[in-house]
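One structure below.
The values are calculated or read from the model by the stated rules, or taken from the named source; none is laboratory data. All values reported here derive from a predicted model rather than from experimental measurement. Heads up, the Cβs are rebuilt from the backbone with ideal geometry, glycines too, and the neighbour counts pull from every protein chain shown.
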Amino acid sequence: MILTVAILACCCLPVMAEEKTLRIATTNEVKSPAFIGDYTLGLFNHISNPPLMQMNDKGELIGLLADRYEVSQDNTEWTFIIKGNQFWSDGTPVTADDVAYSIQMYGTSVPNAGWIGETLTDTQVDGDKVTFRFNKPYTNIALEFTSYSILPKHIWESIENPNEYTSTGPYVGAGPFYIDNVDLNSGKVIFRQNPGWKGKTPAYDTVEISWFKNEDAAAKALESGIMDTYWKYAASYPYAAIASLQKTGDFEVLEKPTSGMTFLGFNLKKEPMSDIAFRDAISNAINYQELVDISTLGHGKIPEKGFVPPAMDGYVRSTPMEYNPDTARNKLEKAGYIDSDKNGIVEGKDGDDIILNLLIRNSYAREAELVKEYLEKVGIGVEVRSVEDNTWFELKDKLEYDITLTRTTPWGMLMHAGWATGYFDSRRTGQGVLHTVDDEAFLTLCDNILGTTDRTLLTGYAKEVQKYYAENLPGIPLYWKNDITPYNKEITGWYSNPLYGIMNEFTFTGVKPAT
Amino acid sequence: MRPFLQGSIFLFRKLIRYSCSFGIIVLLVFLLPRMMPGDPVANLVGEDIYLTDETKETLRAALGLDSPLHEQFVLYSIHLLHLDLGYSYHMHGAVSDILADRAGWTLLYIGISIIIGTCTGIYLGARAGFEHETWWSSLISSLALIISSTPPYLLSLIAMVIFVYHLGWFPFKGFYDTFHILSIIHHLTLPVLILSVFYAARNVLIMRGTVLSEKIQLYPLFARSLGIPERRILIRHIRKNAIIPLIALIALDFGFLFSGALFIEIVFSLNGMGSLMYDAILNRDYPVLTGTFLVIAIFVICANFIADILSLALDPRTRSHP
Amino acid sequence: MIPGLSNLNFRRHGYVPLLCIIVLTLLLIIALFPEQIAPYAQNKRFLPYMDPDNAHLLGTDDMGYDILTLLVYATRISLTIGFFAGGLSLLIGTATGILSGYLRGWVDDMIMGITDITLIIPKIPAIILIAAYVRPGIWILILVLGLLSWETTARVVRAKTMQISNAGFIMSARCLGFPSRSIIIQEIIPVIYPVILPKFMLTIAGAMISEASLSFLGLSDPMMESWGKMISDAFTHGGFIREMWWWFLPPTLCICISVLAVTRLGMMYETDEQEIVSE
């Protein structure tokens, strides 16, 4: 009798399979449910629609949807071999056709990927191989293809304008999860496990990425335990919030140096910024230690003249930046900038007081205050003009400024010929780049880098680039910093790469909740 | 008969005035992007939008940018009548669709707040004004004053820190977690509460002021001398007159229903009209901006007109003193 | 004799108006002589994020500035914006209101039409739009805030002007041949005074709060350290997350107290309005 009851009781206590949800907080907002057109959704969909390549935690390129790639001798033909045994969430297998279709679609329909449309001449599919032929040599296609999500051809080929297409989901994907619902009103994107996924089964059934319109709410949500981790594209968890987060005792942090940094840029077309002696003097006027203390709260370090931080592959050590106002003043004097009327401001070659127009985006106001103070202390006048982002893009492109403060992102550092050349090469335009250097030596160096994939040659070039930065100072780095990713202590298995942080396949298949 | 005629003339004059204002607004909205320096297509489509050349040509033809201005205006007006407000490349959708989406939620949370705030404000303000010698009247007016003197976002932030973070009574963001009525109520309670408090505070102050000035008029004295009970005086006579100045303000509140409450939306991460406009401005999304502007203009004009009708009904004096 | 002070009837209003005047005078002094009152120089930095202690009564902010010093120096900016924006609004509102009410006819209709359009423009988006295009500076801000808040004053002034321009004494002045200008200045304005004063106070209050809101959105001049900017800085640089109430509450209190004092002073006049009997 008792036995029967006991057995019944055991049967009546079924282990309720509770749906396990991983909750990620972010401040990157999804503005519209456009899978390709919306910027943030385009970041998230790397999980559901893996691109061909990805970066591992050391910054090396490894395959994602593709197993490996081959490049022709002249760098105009790139062949990607697709991994087998991958299936879309509707059951159909992933084929090389999907890859061919996706890349071509990006080239023709997505303006941001217009370069593909202009240079891709031919696409060939052969079994599990796709070969792309370009009308000019490229050495970094593999890197570029870490950012284009591959779409299922049988779903998307009937859509007239993919860039404008909106739908709240579900979207067919081939990753460990697929996007099930994009809900703007509750502020989250819901991913569900892909039934067709043949790789390592994730421990979680769903992943919810929730976006907040202000950082404090996101941070507080994390602290209260509602969210498991915080992620922001190319940014760290706010340094100021770390202390109170650690006080709760429930969180660990992942701290990694990043190649994203803030630097002082010069309008090299105008006097006196065009004078290297002037820029050199300025480099001694800045109190780097204070900037590290205030801007990174100790999670950073004083940068070196080579501009490129240790987080980047190919970094070589150079002399650290030095703060010495007296040296700065002496250098100014020696270069011919003297304060003859003793009003506290040195004069330029034309005899007028030097008052530099410091153009910044609103978010750099604090640091601009400090820079202004440092420069004024050595006799250089500064007027700060703070504008909102779009205006900054306009004015910066028209070169209507003397100096500016801006930042690099890990992706930006890799762009063009890599090692921040994308920011300075005058032939390259873009929203965040300064395009101020048209020095022959620099441009030739960039072209050399772009012309080869030989590792030893590239390492040599990297050294040269950093040497150029140290000697010519087209931009003065203000501080190097670390990116902080907080996560709930009970969850293990986090994997972070320099480009997208924890938003990668390894994390999503590897994280495990506390048992 | 004559008062009716006078009233109608009054309303008619107002209608003409409003129509003219609206006409001017439509004209402005039409002319501005076409007169600004630069390519009108860029001005109409917004900035930071990369369009292929052929798309630009199709747009140019569709908008009729090559035809003379008055023809364009006719085309534009026809579009408006069909409620076609253009297409936003930033938001990847027709402007009217985008507005319809966001408007619903905005109307919901602001509408409720205005109604609660107005009713509370009128009731409390009237009592406080009428019995303004009592201690609680001073308390209410002081409270209302303090609330009106605080920047709105600060109150919302503090409310969030206390009620959401420390006490955990309300959620952090969004209109809902799952699309269920209970979840919606749970999420909207705090924002609606705070907004109502602000509306109520302002209405209390004004209502109290007007009731006070009505109180010293001759007619309440007269009513009192006739032996009418105090409360009757308040409700029947004074309140009706005291509301009149408030009507214009409430009408404005409803008129600006559409513009959402930006601060509430930022603090509570709500996807409403306020954020839409804010983003549109920062992204130079002109189609959304002009569309929103036109819709708000219509709302405000309608609201004002209703206010005029109401004040006409409540106060015959307005007929001759517009 | 300062017009309006004759209303300082203690028996009727209690001591509150006096308190308001004292508070405002104190603030004025702080605004005029910050160097004497602030404990440290404006750009002296210490260790960031320090809790309040004897050396720093309100602690330090994210860059290491002493918060009390910031508070003191911000007084000047916040008060300037408030008073000048309010003043501008008052000027425009009164001028248009009087013109509209006195001249009537098509001038009235035209001016009222303009106010309609100004009313329709949603304030915050308009300010955002302007701030996005124009280099923000304290005077631009004052201009914009003043330009967007004059219509309520105009309406009230207009109503009042209409009301009294039919009154006996105005009629007689007209009959006697006094030029309109002197009628306006000598007869109308003194009567309008009690009406616009409360409105003036309200617009000052509104301007101060609007400025605080703009700082929050990051649209005010980021180089301008006002109370609103302090709160906004606290918000964006970890003040809220670290619950540094000593950072954001003092500027809030300052805004509140100033606005309160100003509004309460304006409220003094609302019970004194005498109905002027029109003939």
Spans of helices (runs of 4 or more DSSP H) in the range A:370-425 with at least 3 residues in contact with a strand residue (DSSP E or B) (Cβ under 7 Å, 6 or more places away or on another chain): A:389-397
Single unsatisfied condition, A:Thr121 versus (1) without any contact (Cβ under 8 Å) to a residue 40 or more places away in the chain; (2) among the β-branched types (Val, Ile, Thr); (3) part of a loop (DSSP other than H, G, I, E, B); (4) away from chain B (no Cβ under 14 Å): (3)
Odd one out for A:Ala441, checked against (1) farther than 17 Å from A:Arg23 by Cβ; (2) in contact with a Leu (Cβ under 9 Å, 6 or more places away or on another chain): (2)
Test set (1) assigned to a loop (DSSP other than H, G, I, E, B); (2) at pLDDT 90 or above - A:Arg133 fails condition number: (1)
Residues of the range A:453-482 that turn out to be assigned to a helix (DSSP H, G or I) and not aliphatic (A, V, I, L, M), as a count: 13
Within the range A:102-112, tally of residues that are in contact (Cβ under 8 Å) with a residue 24 or more places away in the chain and closer than 12 Å to A:Pro162 by Cα: 6
Matching residues, the range A:67-105, being under 28 Å from the mean Cα position of the chain (by Cα) and surrounded by fewer than 16 Cβ atoms within 10 Å (Cβ to Cβ): A:Asp67, A:Arg68, A:Glu70
Elements of type strands (runs of 3 or more DSSP E) in the range A:143-262, at least 2 residues being within 14 Å of another protein chain (Cβ to nearest Cβ) and either surrounded by fewer than 23 Cβ atoms within 10 Å (Cβ to Cβ) or not aromatic (Phe, Trp, Tyr) (or both): A:177-183, A:188-193, A:206-211
Test: residue in the range B:177-189 that is at pLDDT below 85, buried (at least 18 other Cβ atoms within 10 Å of the Cβ) and within 11 Å of chain A (Cβ to nearest Cβ): yes
Flag for C:Leu176 being under 22 Å from the mean Cα position of the chain (by Cα) and either on the phi > 0 side of the Ramachandran plot or aliphatic (A, V, I, L, M) (or both): no
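Being more than 9 Å from chain A (Cβ to nearest Cβ), surrounded by fewer than 24 Cβ atoms within 10 Å (Cβ to Cβ) and assigned to a helix (DSSP H, G or I) is the filter here, so list the residues in the range C:209-244 that pass it.
Answer for the range C:209-244, where residues must be more than 9 Å from chain A (Cβ to nearest Cβ), surrounded by fewer than 24 Cβ atoms within 10 Å (Cβ to Cβ) and assigned to a helix (DSSP H, G or I): C:Ile209, C:Ser213, C:Leu217.
Every residue, every condition in (1) in contact with a Leu (Cβ under 8 Å, 6 or more places away or on another chain); (2) surrounded by 21 or more Cβ atoms within 10 Å (Cβ to Cβ); (3) away from chain A (no Cβ under 14 Å), yes or no:
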| residue | (1), (2), (3) |
| --- | --- |
| C:Ile21 | yes, no, yes |
| C:Thr75 | yes, yes, yes |
| C:Gly82 | no, yes, yes |
| C:Leu88 | yes, no, yes |
Enumeration of residues in the range B:138-152 that are out of contact with any Leu (no Cβ under 8 Å at 6 or more places or on another chain) and surrounded by fewer than 19 Cβ atoms within 10 Å (Cβ to Cβ): B:Ser138, B:Leu139, B:Ser142, B:Leu143
Boolean, A:Pro51 is within 26 Å of A:Gln124 (Cα to Cα), without any contact (Cβ under 8 Å) to a residue 12 or more places away in the chain and in contact with a Phe, Trp or Tyr (Cβ under 8 Å, 6 or more places away or on another chain): no
The listed residue being within 14 Å of chain A (Cβ to nearest Cβ), of a type in the set (Val, Ile, Thr) and in contact with a helix residue (DSSP H, G or I) (Cβ under 7 Å, 6 or more places away or on another chain), out of B:Ile238, B:Ile281: B:Ile281
Residues of the range C:153-192 satisfying the condition of being over 25 Å from C:Cys256 (Cβ atoms), modelled with pLDDT of 75 or more and of a type in the set (Ser, Thr, Tyr): C:Thr161, C:Ser172, C:Ser182
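Of these, B:Gly104, B:Gly129, B:Gly86, B:Gly93, which one is free of Cβ contacts under 8 Å to residues at least 60 places away in the same chain, buried (at least 18 other Cβ atoms within 10 Å of the Cβ) and either more than 30 Å from A:Glu215 (Cβ to Cβ) or within 14 Å of chain A (Cβ to nearest Cβ) (or both)?
Details: B:Gly104 fails: buried (at least 18 other Cβ atoms within 10 Å of the Cβ); B:Gly129 fails: free of Cβ contacts under 8 Å to residues at least 60 places away in the same chain; B:Gly86 fails: free of Cβ contacts under 8 Å to residues at least 60 places away in the same chain.
Just a single option satisfies the conditions, and that option is B:Gly93.
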Subset of the range A:297-314 (residues that are within 18 Å of the chain's Cα centre (by Cα) and buried (at least 19 other Cβ atoms within 10 Å of the Cβ)): A:Gly300, A:Phe307, A:Val308, A:Pro309, A:Ala311, A:Met312
Selected residue [within 11 Å of another protein chain (Cβ to nearest Cβ) and in a helix (DSSP H, G or I)] from B:Leu154, B:Leu75: B:Leu154
Condition broken by A:Asn362, with the remaining ones in (1) at pLDDT 90 or above; (2) within 14 Å of chain C (Cβ to nearest Cβ) satisfied: (1)
Qualifying residue in the range A:463-483 (condition: of a type outside the set (A, V, I, L, M, F, W, C), modelled with pLDDT under 90 and more than 28 Å from A:Gly298 (Cα to Cα)): no
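Here is a yes/no grid of residues against (1) under 21 Å from C:Thr263 (Cβ atoms); (2) at pLDDT below 85:
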site	(1), (2)
C:Gln42	no, yes
C:Asn54	no, yes
C:Thr60	no, no
C:Met63	no, no
C:Ile67	no, no
C:Gly82	yes, no
C:Leu91	yes, no
C:Ala95	no, no
Residue in the range B:224-232 that is of a type in the set (D, E, K, R) and touching an Asp or Glu at 6+ places or on another chain (Cβ under 8 Å) present: yes
Residue check, A:Thr492 among the hydroxyl-bearing types (Ser, Thr, Tyr), over 28 Å from A:Tyr230 (Cα atoms) and exposed (fewer than 15 other Cβ atoms within 10 Å of the Cβ): no
Residue satisfying condition, being away from chain A (no Cβ under 14 Å), among the aromatic types (Phe, Trp, Tyr) and either touching a Ser or Thr at 6+ places or on another chain (Cβ under 9 Å) or closer than 25 Å to B:Cys119 by Cβ (or both), within set B:Phe268, B:Phe222, B:Phe258, B:Phe263: B:Phe258
